[in-house]
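Everything below concerns the one structure shown next.
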Amino acid sequence: MDEELLDSRHAIMKHEFSSKELQKLFQYCCALTLQDSDAYDLLQTAMEKYLRSQSADLDYPLSYMRRIIRNAHIDQLRHNRIIQWDDFDESNIDSSDIGWQSLEQMIIDENEIENLFSMLSGIEREILFLWAVEGYSVQEVAGHVGMPKGTILSRIYRMRQRIKKSHQKIYGNGAV
Amino acid sequence: MSALKNKLKKEFENKKLSGEQLQNLQRMQKTSLGKSVKNIWKRYAIALSIVFVMTIAGFMTINQTGSATVVEKIAHQVATQHVKLKPLDISSDKFIEVQSYFEKLDFRPVRLEQIQGALIGGRYCSLLGEPAAQFRYIDKSGNEQTLYQAEYTAVQFNELANNTAPETIYAKGVPITIWMDKGIVFALTQ
């Protein structure tokens, strides 16, 4: 079918993202991919999908776009066969150790952040982005990434454990 | 040392698209969304044109119907019913019997001596919304003739108030003679 005819049949009034919104989406892509060049490629791919799509969430275009970015990123990971999924066994974890509170208490050195990013997976960086930049609750993150709340808590717990270990290596056992 | 959350926020917010990358993304949006908006307006314009044409056509139809005289309206209705004859309610060659059948009407249908054909029956019908009696006859050539009789009302038949002289007009190729006499409106197909 002719592309223009297809466009006219499904044309809807879509949101046009401002510079500020595009920058925010790029930051989200950076959280997923770690590399700036990969982040730009991902944003471009997602933008093409958004502009081609026959429907759009007109009330929450940023959230809608983030979902497209996320799906495009997962597609790429699946294509490269480097995606990992794990389950969460809440019984092994002290309840005071899970949730944002456990991360809120952490202090980090200026130079540690790059090491931290490289140490974390894409999904973990995404969780941190949604928490630190977007201010999402655990439930909202779970809704956005389409995972059970327990899995998100598991990720947070493991991240904290890893950050703690890395910290202890540098500053000794007394560090948080 | 600073709190993890603040440090992360600062780190993420330091990530910026270059001017060229930003322009490229904005251009993608403008090209694609501009085309969509153009298509939407095109569709609205087509839809509005159709509505406009239909409205004008509707007004013309109403005006044409509205300007028709009562005689023309009766002729059109009688011709339509004559072309597609419905089954008789009563079959009889005796005028009294058929006349008696129309007891639900508020007037008494009358016999017209000038009709040459043989009566075969009748049925209830209407003329411009007024209850009417339809008598059906067969002439010597085997052609059916229909005679309508309805009570004169000023609301429906005002124009016929002085039409005591029969007026013949054609509708759908059928000659129809229409007149009013003694409070009854008559329409006779030839």
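Here, each number is a calculation from the coordinates, and none is a lab measurement. Everything numeric in this text was worked out from a predicted model, so none of it was measured. Ideal geometry is used to build each Cβ from the backbone, glycine not excepted, and the neighbour counts take in all protein chains shown.
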Legend entry - Percent RCO, i.e. relative contact order, over chain B, from Cα pairs under 8 Å lying at least 6 residues apart: 16
Inset, instruction - Return the long-range amide H neighbours of B:Ala171 (sequence gap of 5 or more, or a different chain), with a cut-off of under 5 Å between placed amide H atoms. - result: B:Ile176
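Going by how many other Cβ atoms sit within 10 Å of their own, how do A:Arg70, A:Arg78 line up, fewest first?
Details: A:Arg70 21, A:Arg78 10.
Taking fewest neighbouring Cβ atoms as first place, the list is A:Arg78, A:Arg70.
Give me the net charge of A:Leu103's neighbourhood, meaning all other residues with Cβ under 10 Å from the Cβ of A:Leu103; Lys, Arg count +1, Asp, Glu -1. Intermediate values should be presented prior to the final figure.
Details: positive: A:Arg160, B:Lys5; negative: A:Glu104.
The answer is +1.
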Inset, instruction - Could you work out the longest stretch of chain B that avoids the GluC sites (Glu not before Pro) located in DSSP loops with at most 11 other Cβ atoms within 10 Å? - result: B:1-102
Inset, instruction - In vacuum, with every alpha carbon of the range B:69-189 counted as one equal point scatterer, what does the Debye formula give for log10 I(q)/I(0) at q = 0.15, 0.18 Å⁻¹? Two decimals, please. - result: -0.61, -0.91
Legend entry - Packing-based exposure ordering (other Cβ within 10 Å, fewest first) of A:Arg125, B:Arg108: B:Arg108, A:Arg125
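Calculate the FRET efficiency for A:Arg52 and B:Ile169 from the Cβ-Cβ distance with a Förster distance of 51 Å, rounded to the nearest 0.05. Mind showing how you got there, number by number?
Numbers: r = 65 Å, r/R0 = 1.27.
Efficiency at R0 = 51 Å is approximately 0.20.
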Legend entry - Packing-based exposure ordering (other Cβ within 10 Å, fewest first) of B:Leu22, A:Leu43: B:Leu22, A:Leu43
Legend entry - Loop-located trypsin sites (Lys or Arg not before Pro) in the range B:92-142 whose Cβ has at most 12 other Cβ within 10 Å (DSSP): B:Lys94, B:Lys104, B:Arg111, B:Lys140
Legend entry - Summed residue charge, Cβ within 9 Å of B:Arg136's Cβ, Lys/Arg positive, Asp/Glu negative: 0
Legend entry - Expected 222 nm ellipticity per residue - DSSP helices of 4 or more, -39500 (n - 2.57), all of chain B, to 500: -15000 deg cm²/dmol
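Net charge within 12 Å of B:Pro87 by Cβ-Cβ distance, Lys/Arg positive one each and Asp/Glu negative one each, not counting B:Pro87 itself?
+3
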Inset, instruction - Tell me the label-point distance for the pair B:Leu88, A:Asn80, using the 7 Å Cα-to-Cβ offset, in nm and rounded to one decimal. - result: 9.3
